[in-house]
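Nothing in this text is a laboratory measurement; each read-out follows from the coordinates by a stated rule. Since the model is a prediction, treat every value here as computed from it, not as a measurement. Cβ coordinates were reconstructed from backbone atoms using ideal geometry, including for glycine residues, and neighbour counts include every protein chain displayed.
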Amino acid sequence: MADWQSNIVMEEVTDPQELAKARVQDERFDRNSTWLQAHIPEVYSRYRGKCICIAGEELFVADTPEEVLAQARAAHPEDNGSTLLRYIPREKMARIYADKWQVANV
């Protein structure tokens, strides 16, 4: 196995303005995530094989991540980085998401 090295830099952010911006971004992401959760059956059944993005609690659909992000950013430039991007698999099947350690039938 080849030598592999990764440089990870961690910084503690204490600037009140930066922390406030991060909180606003987190709140936008939470609203986008809540919107998606409320519309999952419709979105997942209608847009299989597509990339979706939720920004400003609005759905955008395209064939590629670049296209869908461009649509979302054009419509909601204030949603800087808090957009929610997903690819919806063509076929519905059980999937294991390692970050949550749960099985989802999507």
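Each of Ser33, Ser6, Ser45 was scored by other Cβ atoms within 10 Å of its Cβ. Arranged with the fewest first, they read Ser6, Ser45, Ser33.
Taking the fewest neighbouring Cβ atoms within 10 Å as the starting point, the ordered list for Ile88, Ile52, Ile40, Ile8 is Ile8, Ile40, Ile88, Ile52.
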